[in-house]
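Following: one structure in structure tokens, then a few remarks.
The values are calculated or read from the model by the stated rules, or taken from the named source; none is laboratory data. The shown structure was predicted, so the numbers you read here are calculated from the model rather than taken from an experiment. Because the Cβ atoms are built from the backbone with ideal geometry, glycine has one as well, and the counts that use them run over all protein chains shown. Surface areas here come from the heavy atoms of the whole protein model, side chains and all, with no ligands, DNA or RNA. Shrake-Rupley method; radii C 1.70, N 1.55, O 1.52, S 1.80 Å.
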Amino acid sequence: MSKAADSDKAEDGGPSSVEQYLVKDPERFALNMARMVEQAGKAASAWAEPREKGEVRDHVAEPVVDMVKTFSKLSEYWLADPQRALEAQTRLFAGYMTVWANAIQRVSPNGEAPPDDAVKPERGDKRFQDPEWGRNAFFDFLKQAYLVTSRWAADLVEHAEGLDEHTRHKASFYVKQVSNAIAPSNFILTNPELFRETVASNGENLVRGMKMLAEDIAAGKGDLKLRQADYSPFEIGKNVATTPGKVVGRSDVAEIIQYDPVTETVLKRPLLICPPWINKFYILDLNPQKSFIRWAIEQGHTVFVISWINPDERHGSKGWEAYIREGLQYGLDMVEKATGEKEVNAIGYCVGGTLLAAALALLAQEGDNRIKSATFFTTQVDFTYAGDLKVFVDEDQVAAVERSMNEKGYLDGTKMATAFNMLRSGDLIWPYVINNYMRGKDPLPFDLLYWNADSTRMAAANHSFYLRNCYLENNLSRGTMELAGRTVSLGDIRIPVYNLATKEDHIAPALSVFLGSRYFGGTVEYVVAGSGHIAGVVNPPAAKKYQYWTGGKPVGDFGQWFAAAVEHPGSWWTHWQHWVETQDNARVPARKPGKHMKTLGDAPGTYVKVRV
């Protein structure tokens, strides 16, 4: 028997490389293909029906136009000089020739060891783990050709001189999105694992997948609501957001929750948490093991949390001043009414922290000094080096979002959820597209992804103010943001600040948080936690995961600061607790919700249960 014939035998003695890709039951396979087409028709109907009724208007053209404009600017650079264009094409051609030569050598029966790949996947890339990507010459060729092309395209962006930084950032982002989308791992015939599963099940995986696709488009009311987990086991107040407490206040934009104490004495200063309205607050109360809220209560804090409304057309005119007056300041009023205290510690998370910072600057001018210390979790106040969300923000794109919002008075929650998912499309989009719609498998239950999918709408005035004043014009750090007829300055915030960044944050980069520290008027304790925007914050000490870094004042060069910082194992939570207690560690008897005021129901309240 020839070596070529031997190569057709699987190494484990099973079916040959060719046999595992051959349909065994053509009749059953054909029947399943018909069933798949039927389910695909239902998916198409779920997409078309709300558009025919005028319930959905597509805005797909706007981001596509922006991508085309961005790529046009990139092309101008490379095509402006024929020599430069030829060199770029030669680099790509040379890469292809190496891939082709490797493929020829791999299939030649010369007994030599297979050649090294022309380019290898990046560390941590899980798309090409199946052995057939390296063992089968066809799939190996596809993999290497794809990697050569995607790396070449990324290099075009990196080495394009004369591009402004915003255009370069957008070009890099769009190249990554296109590269992730066209990966051979995303298609049945070019992914060996999907190919084998389809043959082995005679196409039943595709029937299940198309059925799930139709269900997810229907759930999104005409738009795809990508299923990232099995959401059925979870229910707010039952097995997520379960820390006991009471709703002690309710305004048009927020409910204020006070949690039950578990210690006999508590810190005299209550703690008011201002979460982002882009997501729901229970990321800080997912379950008893991960709950920052429960842990803070156990440390002796009287915890109050702002639970933002999931806005609709009634809230279209609610801007930042309304969210400050009817959210943050209203929360302070409820804290004072419930406890009698006029000195409060406050926490702001992400955009909730940006709102808190703007509110503190405003309240300082107005003489409301009830907040005595401020903690910011992954919060930007300066947007010069903002994360990848900045890709979506320029005058044209903001104007397009505003036109969309003005039709209803809000931005659909699915639009923001899609934007966040695109920031990590290789982790949060394509693996689920493959698992759900091609493999036909239900995703596993996961409380974090349940929260991630529980999206919120954005009130038009609120979101427009945020995009323009922060991402587009950077008015907060420049001292030109106008609120309530005043021009506010972060320099007026002279209370102690604990400013937490996370090392791998793609939404609020550690550099951006570091640079923002310089604008506060008081002392700043800057800390960097390991991991990213969520896992770096929600990291209970008992988990013994990650680490955090502390150093001197957040001044000078960030790289030098981080290089000199001291690394500590585990969670930053205990470090923060010590910092809070150094501000004021006086204690008083524990306070129970409802002792001094009527309550409006049990935690987690009603606003958090409103779904998109």
Which order do peptides 132-145, 276-289, 222-235 fall in by mean Cβ count within 10 Å, highest first?
276-289, 132-145, 222-235
For the chain, what relative contact order do you get, as a whole percent, if you take Cα pairs closer than 8 Å and at least 6 residues apart?
17 percent
In Å³ per residue, the alpha-carbon convex hull of the stretch 573-612 encloses 147 Å³
In Å, what Rg and Dmax follow from the Cα atoms of the stretch 433-568?
19.0, 57
Share antiparallel - DSSP beta bridges, the stretch 426-534, percent rounded to 5
35 percent
Counting only protein heavy atoms and using a 1.4 Å probe, what share of the accessible area of the stretch 275-354 belongs to carbon plus sulfur, as a whole percent?
43 percent
Where both residues lie in the chain, what percent of DSSP beta bridges are antiparallel, nearest 5?
50 percent
Whole Å is fine, so just give me how far the alpha carbon centre of the stretch 543-612 lies from that of the stretch 155-173.
38 Å
Aspartates and glutamates with Cα under 14 Å of K42, excluding same-chain neighbours fewer than 8 positions away
E215, D216, D223
Hey, what's the Kirkwood Rh for the stretch 149-241 if you take every pair of different alpha carbons, in angstrom?
17.1 Å
Over the chain, average the accessible area per residue using a 1.4 Å probe and give it in Å², no decimals.
45 Å²
For the stretch 434-473, what mean projected area does the convex hull of the alpha carbons give, in nm²?
4.7 nm²
Between the stretch 435-482 and the stretch 363-411, what is the separation of their alpha carbon centroids in Å?
11 Å
Can you tell me the mean projection area, over all orientations, of the convex hull of the chain's alpha carbons? Units nm², please.
31.9 nm²
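What whole-number value in cubic angstrom gives the convex hull volume per residue for the C-alpha atoms of the stretch 494-537?
About 57 Å³ per residue, rounded to a whole number.
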Which whole DSSP H helices in the chain pass both tests: a Cα extent of 18 Å or more along the axis and a mean Kyte-Doolittle value no lower than 0.0?
61-80, 137-158, 204-219, 351-366
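Could you look at the stretch 140-187 and say what percent of its accessible area is carbon and sulfur, using a 1.4 Å probe and all protein chains?
Within the stretch 140-187, the accessible surface is 61 percent carbon and sulfur.
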The stretch 488-612, accessible surface, carbon-and-sulfur percent (1.4 angstrom probe):
52 percent
